[in-house]
Amino acid sequence: MLRVLAVDDEPPALEELLYLLRADPRIRSAEGATGATEALRRIGSAVDAGPDDPSAIDVVFLDIHMAGLTGLDVAQLLAGFAAPPLIVFVTAHEGFAVHAFDLKAVDYVLKPVRRERLAEAVRRVAEQVGDRSAPVNDTSADQIPVELGGVIRFIPIDEIAYAEAQGDYARLHTANGSHLVRIPLTTLEERWRSRGFVRIHRRHLVALGRIDELRLDAGSMSVRIGEAELAVSRRHTRALRDLLMRQGGR
């Protein structure tokens with residue numbers, strides 16, 4: 001059962017495509033986006049949340065000619081994700097097929113979309129999704145997508161010094177500023193543990209290698225990362241001290 005995002009900046013075309021997709025019994029859910037920026041935001045959030053989250057996306061049915069970023073631009077940006085959704089281009093123009101398949105598109109469907117042709121595209125997607133031998137695991141991702149002024153940017157995870165919980169969001173702090181992402185701190189903790197990130201407080205997840213100082217004062221502990229001083233909760237104090245001691249002994 002496939003989870004689909006359809007993207008087209010023409011509402012009638014988008015509604016028709018969603019109608020056809022939802023009629024296919026192999027489609028679990030089909031949602032729409034009316035532009036590239038909205039699509040990238042939703043795909044980035046879905047990838048961050050993981051394959052088992054209700055927002056997960058298996059395939060994007062993507063128009064090519066859109067205002068602003070084109071569908072080809074979106075596909076190129078998705079190549080920066082560790083485990084991007086599959087792509088099917090849906091377009092009125094034949095001339096981009098070679099470029100589309102260079103971008104690893106599963107299929108290239110011409111408008112006006114015929115039900116039988118769309119069903120064939122869904123079949124090809126279902127085959128590829130079924131052939132994936134390992135679950136999606138984005139702990140190996142080198143970058144995380146963030147939105148800045150309506151533009152999607154990719155921030156290298158190695159540049160993140162610490163993350164701060166803000167409800168269901170997390171604020172990622174780097175040397176050049178901070179970025180808000182819609183992903184809980186507990187999820188980042190699980191995914192970035194192998195990258196040397198450790199929880200020091202219910203509000204903070206820090207990159208162990210970015211800690212400049214460990215401070216003890218009247219039984220309480222804090223760490224300094226650049227100009228920031230972050231408290232270490234009592235429940236995390238011993239584990240952090242042991243980690244730092246082991247790191248220093250290498």
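The values are calculated or read from the model by the stated rules, or taken from the named source; none is laboratory data. These numbers were taken from a predicted model, which means no experiment stands behind them. Every residue, glycine among them, receives a Cβ derived from its backbone with ideal geometry; neighbour counts consider all protein chains shown. Ligands, DNA and RNA are excluded from the accessible area calculation, which covers all protein heavy atoms including side chains. Shrake-Rupley method; radii C 1.70, N 1.55, O 1.52, S 1.80 Å.
Structure notes:
- Within the chain, percent of DSSP bridges classed antiparallel, to nearest 5: 65
- Total charge dipole magnitude, the stretch 160-222, about the Cα centre, Cβ charges on Lys, Arg, Asp, Glu only, Debye to nearest 20: 180
- In the chain, helices alone account for a calculated mean residue ellipticity at 222 nm of -10000 deg cm²/dmol, with every DSSP H run of four or more residues adding -39,500 (n - 2.57).
- Surface per residue (accessible, 1.4 Å probe) for the chain, Å²: 53
- A simple charge model with +1 on the Cβ of Lys and Arg, -1 on the Cβ of Asp and Glu and nothing else charged puts the dipole of the stretch 1-114 at about 240 debye relative to its Cα centre.
- Prolate/oblate/rounded call for the stretch 162-212, Cα gyration tensor, a/c under 1.5 rounded: oblate
- Measuring r between the beta carbons of residue 243 and residue 127 and using R0 = 45 Å, the FRET efficiency lands at 0.50.
- Once the Cα atoms are used to define both axes, helix 234-248 deviates from the longest principal axis of the chain by about 90 degrees.
- Under the Karplus curve 6.51 cos²θ - 1.76 cosθ + 1.60, θ = phi - 60°, whole-Hz ³J(HN,Hα) for the stretch 62-79, x wherever Gly or Pro sits: 10, 6, 8, 8, 9, 5, x, 5, 8, x, 5, 4, 4, 4, 5, 5, 5, 4
- Pairwise label distance in nanometres, residue 76 with residue 227, each label 7 Å out on the Cα-Cβ vector: 3.6
- Residues residue 180 and residue 102, FRET efficiency given R0 of 30 Å [Cβ-Cβ distance, rounded to 0.05]: 0.30
- Whole-percent carbon and sulfur share, accessible surface of the chain, 1.4 Å: 49
- Cut-off under 5 Å, modelled amide H: who pairs with residue 109 long-range: 89, 90, 91
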